[in-house]
Every structure is written in structure tokens, then in C-alpha cells.
1. Has the stretch B:173-196 got at least one residue that is open to solvent by 30 Å² or more (accessible area, probe 1.4 Å), in a helix (DSSP H, G or I), touching a helix residue (DSSP H, G or I) at 6+ places or on another chain (Cβ under 7 Å) and more than 26 Å from B:N111 (Cβ to Cβ)?
2. How many residues does the stretch B:109-151 hold that are surrounded by 20 or more Cβ atoms within 10 Å (Cβ to Cβ), more than 15 Å from the chain's Cα centre (by Cα) and part of a helix (DSSP H, G or I)?
3. Scan (1) touching a residue at least 40 places away in the same chain (Cβ under 8 Å); (2) more than 24 Å from B:V43 (Cβ to Cβ) for the single condition B:L194 breaks and write down its number.
4. Can you tell me which residue among B:T213, B:T162 is part of a helix (DSSP H, G or I), without any contact (Cβ under 8 Å) to a residue 12 or more places away in the chain, open to solvent by less than 50 Å² (accessible area, probe 1.4 Å) and in contact with a helix residue (DSSP H, G or I) (Cβ under 6 Å, 6 or more places away or on another chain)?
5. Evaluate the following for B:F129: is it in contact (Cβ under 8 Å) with a residue 12 or more places away in the chain and in contact with a Lys or Arg (Cβ under 6 Å, 6 or more places away or on another chain)?
6. Check whether at least one residue in the stretch B:25-37 is open to solvent by less than 20 Å² (accessible area, probe 1.4 Å), at pLDDT below 65, over 24 Å from B:G164 (Cα atoms) and not in a loop (DSSP other than H, G, I, E, B), and report yes or no.
7. Could you tell me whether the stretch B:100-115 includes any residue that is within 18 Å of B:L169 (Cα to Cα) and within 14 Å of chain A (Cβ to nearest Cβ)?
8. For the stretch B:123-145, does any single residue satisfy the condition of being over 26 Å from B:F81 (Cβ atoms) and in contact with a Ser or Thr (Cβ under 6 Å, 6 or more places away or on another chain)?
Amino acid sequence: MHNEAVHIPGISHASLKGYIVGFIVSIVLTVIPFALVIYGRGAISADWIYGGLALAAVAQIVGQLHYFLHLDRSSDQTWNVQAILLTGLIVGIMVCGSLWIMTVLHSRMM
Amino acid sequence: MTTKTVADLSVAAGYSVKEHAAGHSASQEHEDHGHAAAISRTVDGFWLYIMTDCILFATVFTGFAVMSHRYAGGPTGKELFDLPYLFGETMFLLVSSVTYGFVVLAMNRMNKGGVVGWLMVTFLLGLGFISMEVNEFYHMVAAGNGPDRSGFLTGFFTLVGTHGAHVTLGLVWMATMIFMVMKKGLTPQNQSRLIRLSMFWHFLDVVWIGVFTIVYLRGVM
């Protein structure tokens, strides 16, 4: 049986350069938050560290979705992007709603 | 045949099905369109599964966040977590995500040996990650800091354990793929499975970013 490479949007455009760039971006965005906590604790104000952690995490998630999962704004990805946006909405409502309820509950029980 | 554009494919997805239904003779070209279209649909469906898994992880993350300060007199993250150790664990998973990318590149070139080789490398890196995690869990439980110690530790073991269970299942899937590719080669079905495993594996690395940031780094602050 003769097999051929199957052409799938996103996957077939994967390139060595993309994975290497994604790797470097991920390493940098992993080293920064670890260094912030290990060396910055006590030296920098906690709010700045929390902000830095959040920024680095969001940036790395976006970077990996782009470079590893090949998610972008091209037309063949519209469907996948819509699915992840809807998921983001559901997750946002659920996480923020739960934390809000539990925080208010906690403060009223004190 | 191997250099079809994306636009070609998305048109072909609906098209070839219609042509088959209309009873046209199925040329080699139509069959290839059929494979690609079927795999494309399977991949879209698997993406939806990944989205539901996102929601699962979001609930466990929320549970952890609510419990994150309920120490019940037990140890805090500051006393439990070893950041340099965690950095090593993180590197195992991150590098394994990249080496799985090399599996996909080898697959696109129809390089069977490359696929099997990089799958093995990825498997070993994933095994390194999960071994470090099991070792961490073992020492915590042995010291009396198991999931029953406090609300914080219940949340911790639920969240990190759910992720670890996913990685373990991914490793089982990967070992299966190593054997299937060795035995049957890069058939369209095996390519489809390899693509779905790639999505699953990269997704687990994305979730891990949330775990090391929210659980560990925030935990030692």
C-alpha cells in the first residue's frame, strides 16, 4: 500500500523555524516568572510580581497556541478560533463567578 | 497531489463528498480529498474535545483557587514547593512539546524512522516529567502532607493530579502509536491519530503553564 502525506490545515504548514521560535519564546517566558519569584521575592513589591507572572503566563499560552497548536487568524482556522473564544467565555463566567461567590461568602461568614 | 493548498482542501472537503454521492467515479484524486476531508473533520472534532477538557481544567483550577489559603494548620506552598526542581520538571514537558513538533515535521515528510525516533524521545521526556511529579507526590504523602491534610492540599492534588493523569494517558497513547507506526507505517489513519495526539500533547503543556504559575509560583510568594 502506498501512503501519502495527508494535507491538514495548520499541520501541513508546520515548520522547523516555527517550533524553534516557539521554544525560545516559551523558555524566555518560563525563565522570567521563575526568576521574578526566586530573586524578586522581598526585593520587588508583590503586586508587580503577580502582574509579571500573569503577563508571562498569558503571553506564553498565546505563544504556544500560535507556534505549537498553529492557531492563527487565517480563514481555515476560523472555526477553531470561534470554539476557543466560546470556551474562553464559558471558562471566564465560571471561574470569575465562582471566585466572586466564594469570596463574598467568605467575607460574610467572618 | 501532495502540494494542495489550504483553500483547495476546504473546498474539497464538502466537494468530494458530494461528488461521491452523485455517483462519479472515484479517481485517486477524489480519494485523497476524501482522506484529507475525513481527517480534517476528525481533527475539528478532537479540537472540541480539547475545549471541553479546558472547561474541566478550569473547574479544578477554580476549586484550587478557592482552597488555596485553607491550610488547616498544615504546610503552605512556601514550605512544600522546591522551585529549581519544578523548573526541571517544566523543562522536561516543554522540550517534549517541541520534540513532538519534530514528529509532525517528520510525518509531513513521510519519514517513518524520524516519526518513531522523535516519538520515543518525546515519550522519554514525558516519562521524565511524570516520574519527577510522582516522586514529589510520594515524598509529600510520606511526610503526612497528602490530600487529606488540608483543603489547600486537596485542591493541589486534584489539580496537579488531573494534569498528571492526562500526561500518563498521553504516554500510553504515545507508546501505542510507536508500535502502530512501526507495524503499519504512516497510513492516513495513523497520520490522523498522530495529529490528534500532537494537539493533546501541546494542550497539556499549555495547561502546565497555568499550573506552574498559579499553583507553584504564586504558592511560594
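The values are calculated or read from the model by the stated rules, or taken from the named source; none is laboratory data. Model, not experiment: these values are computed from the prediction. Ideal geometry is used to build each Cβ from the backbone, glycine not excepted, and the neighbour counts take in all protein chains shown. For accessibility, only protein heavy atoms count, side chains too; no ligands or nucleic acids. Shrake-Rupley method; radii C 1.70, N 1.55, O 1.52, S 1.80 Å.
1. No, every residue in the stretch B:173-196 fails to be open to solvent by 30 Å² or more (accessible area, probe 1.4 Å), in a helix (DSSP H, G or I), touching a helix residue (DSSP H, G or I) at 6+ places or on another chain (Cβ under 7 Å) and more than 26 Å from B:N111 (Cβ to Cβ).
2. 3
3. For B:L194, the exception is condition (2).
4. Just a single option satisfies the conditions, and that option is B:T213.
5. no
6. No, the stretch B:25-37 contains no residue that is open to solvent by less than 20 Å² (accessible area, probe 1.4 Å), at pLDDT below 65, over 24 Å from B:G164 (Cα atoms) and not in a loop (DSSP other than H, G, I, E, B).
7. Taking every residue of the stretch B:100-115 in turn, at least one turns out to be within 18 Å of B:L169 (Cα to Cα) and within 14 Å of chain A (Cβ to nearest Cβ).
8. no
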